[in-house]
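What follows is a set of notes on a single structure, which appears directly below.
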Amino acid sequence: MASFPIPADEQERLRDLERHDLEGHADDPHFDRILTLARSLYQTPIAVISLVEADRQWFLSRQGLTVRETPREQAFCSHTILGDEVLVVPDAQADERFCANPLVTGDPHIRFYAGAPLRTPDGHRLGSLCVIDREPRQPSPEQIDQLKLLAELVMREIELRRMSHQCPVTGLPQRTLLHTIGSKEFERSVQQDLPLSLLCIDLDNFGLINNRWGHEAGDQVLRDVSQLCHSLLPEHDLVVRMGNSEFALLMLERDSESALELTEQLREGVRHLPGVFTHSDYQLQISAGLTSRTAGDGSFSDLLHRAERALRLAKTNGRDQISRLMGAD
């Protein structure tokens, strides 16, 4: 049993945190300014933006602390992410949840804590914006509301960073994130002995749409295909725009046969997407390359290279078809 509370959506929450890919944004001055406001409003010596991972909390930004992370079992924020309201601990020494916590009995000698959860648009709580004092205190209702507003500003900054790496047409993440998330999901698949499949697709003769009806029509097709992919996949799967008319679908806990069935649904669904070309001689179709993890695969790159090779085979063999390659192929 974990020595800290676990939210009901823990697995989905952890994936959402991973896919925000925030490691490279630590100590960003925009976050630091929000912490300065939080400390000023509460007149506290410490303020941090904490992100709660599976076994640790780490600080996206911090003021008044020298450490960059703590074990999750010591994190007050492990309790904050259980709900949507601000967690207030007036005196940690008088609270049975925290009185024996090393952060209370030792440095930084926490007494007062107030944390507002950082909630994503999908409803998952990644961590918290919190203020900390070494003396007991009780915040006013106005201060609690102000901390919630500042937490919303933190999430806005976080989402802006994610959007900067998304395709401006479809809103999908782009190729670099596929490598980052794919590698993590590959390791999880190996460790838990779970199936993992990867599909690469390309819209056949997509350039004809741009040439005959203009780029606005082409952009709408890309958005429609993106929405179709999302409609067929569960939330935890990943859809990526690889470039131009190519997409990749990372399908978690889905074996080769199940992935092939979904690919056929996608291929058929694309055929029936409406567009300015509906009453012309143009037929919207896809070529697809599919693969699944096998025991011989050493990394996610093995899957990606094989799926891309399968896609090239489908296109070379006449398009409008699915090519499937496994590890031994």
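The values are calculated or read from the model by the stated rules, or taken from the named source; none is laboratory data. It should be emphasised that the depicted structure is a prediction, and the values quoted were computed from it without experimental measurement. No Cβ is skipped: glycine too gets one built from the backbone with ideal geometry, and neighbour counts run over all protein chains shown.
In this structure, does Leu150 turn out to be modelled with pLDDT of 95 or more, farther than 18 Å from Ala47 by Cα and assigned by TED's automatic domain parsing to the domain that holds Tyr42? Taking the combined requirement at face value, the residue does not satisfy it.
Here is the figure for region 7-17: residues that are in contact (Cβ under 8 Å) with a residue 60 or more places away in the chain and surrounded by fewer than 19 Cβ atoms within 10 Å (Cβ to Cβ) total 4.
In region 242-266, of all residues being hydroxyl-bearing (Ser, Thr, Tyr) and under 16 Å from Gly289 (Cβ atoms), the one that is surrounded by the fewest Cβ atoms within 10 Å (Cβ to Cβ) corresponds to Ser256.
Among (1) outside the structural domain of Phe31 (by TED's automatic domain parsing); (2) part of a loop (DSSP other than H, G, I, E, B), where does Ile201 come up short? Failed condition: (2). Among the residues of region 84-118, just one is within 22 Å of the chain's Cα centre (by Cα) and surrounded by fewer than 18 Cβ atoms within 10 Å (Cβ to Cβ), namely Asp84.
So if I check each of Ala259, Ala248, which one is closer than 25 Å to Leu14 by Cβ, in contact (Cβ under 8 Å) with a residue 40 or more places away in the chain, part of a helix (DSSP H, G or I) and assigned by TED's automatic domain parsing to the domain that holds Asn210?
Step by step, each of Ala259, Ala248 is checked, and only Ala259 is closer than 25 Å to Leu14 by Cβ, in contact (Cβ under 8 Å) with a residue 40 or more places away in the chain, part of a helix (DSSP H, G or I) and assigned by TED's automatic domain parsing to the domain that holds Asn210.
Restricting Gln265, Gln283 to those that are polar (S, T, N, Q), touching a Leu at 6+ places or on another chain (Cβ under 8 Å) and over 27 Å from Thr176 (Cβ atoms) reduces the list to Gln265. Considering (1) in contact with a Cys (Cβ under 9 Å, 6 or more places away or on another chain); (2) in a helix (DSSP H, G or I); (3) among the small types (Gly, Ala, Ser), the lone condition that Gly127 does not fulfil carries the number (2). Of all residue pairs spaced 6 or more apart or on separate chains, those with beta-carbon atoms under 9 Å, a first member in region 55-79 that is within 15 Å of Ile110 (Cα to Cα) and in contact (Cβ under 8 Å) with a residue 24 or more places away in the chain and a second member that is among the polar types (S, T, N, Q) and in a helix (DSSP H, G or I) are Gln63/Thr36. Could you grab me the full set of residues in region 307-329 that are free of Cβ contacts under 8 Å to residues at least 24 places away in the same chain and either not β-branched (Val, Ile, Thr) or not assigned by TED's automatic domain parsing to the domain that holds Ser245 (or both)? If the condition is that a residue be free of Cβ contacts under 8 Å to residues at least 24 places away in the same chain and either not β-branched (Val, Ile, Thr) or not assigned by TED's automatic domain parsing to the domain that holds Ser245 (or both), then Arg309, Arg312, Asn317, Gly318, Asp329 are the ones that fit. Checked against the criterion of being in contact with a Ser or Thr (Cβ under 9 Å, 6 or more places away or on another chain) and not aromatic (Phe, Trp, Tyr), region 241-249 has at least one qualifying residue. Here region 263-272 is the region considered, the condition is being touching a residue at least 40 places away in the same chain (Cβ under 8 Å) and touching a helix residue (DSSP H, G or I) at 6+ places or on another chain (Cβ under 9 Å), and the residue that is nearest to Ser323 (Cα to Cα) is Leu266. Restricting attention to region 224-241, and to residues there that are within 22 Å of Arg319 (Cβ to Cβ) and surrounded by fewer than 20 Cβ atoms within 10 Å (Cβ to Cβ), which single residue is farthest from the chain's Cα centre (by Cα)? Only one residue fits best here, namely Asp224.
On the stretch given as region 27-86, residues that are out of contact with any helix residue (DSSP H, G or I) (no Cβ under 9 Å at 6 or more places or on another chain) and basic (Lys, Arg) total 3. Listed by position, the strands (runs of 3 or more DSSP E) enclosed by region 22-71 that each have at least 3 residues that are buried (at least 17 other Cβ atoms within 10 Å of the Cβ) are 46-52, 56-63. Can you work out which of the residues in region 298-329 that are in a loop (DSSP other than H, G, I, E, B) and in contact with a helix residue (DSSP H, G or I) (Cβ under 6 Å, 6 or more places away or on another chain) is surrounded by the most Cβ atoms within 10 Å (Cβ to Cβ)? Step by step, filter region 298-329, then rank; the result is Leu325. Is it true that some residue in region 74-83 is under 28 Å from Leu178 (Cβ atoms) and either buried (at least 18 other Cβ atoms within 10 Å of the Cβ) or modelled with pLDDT under 95 (or both)? Yes, some residue in region 74-83 is under 28 Å from Leu178 (Cβ atoms) and either buried (at least 18 other Cβ atoms within 10 Å of the Cβ) or modelled with pLDDT under 95 (or both).
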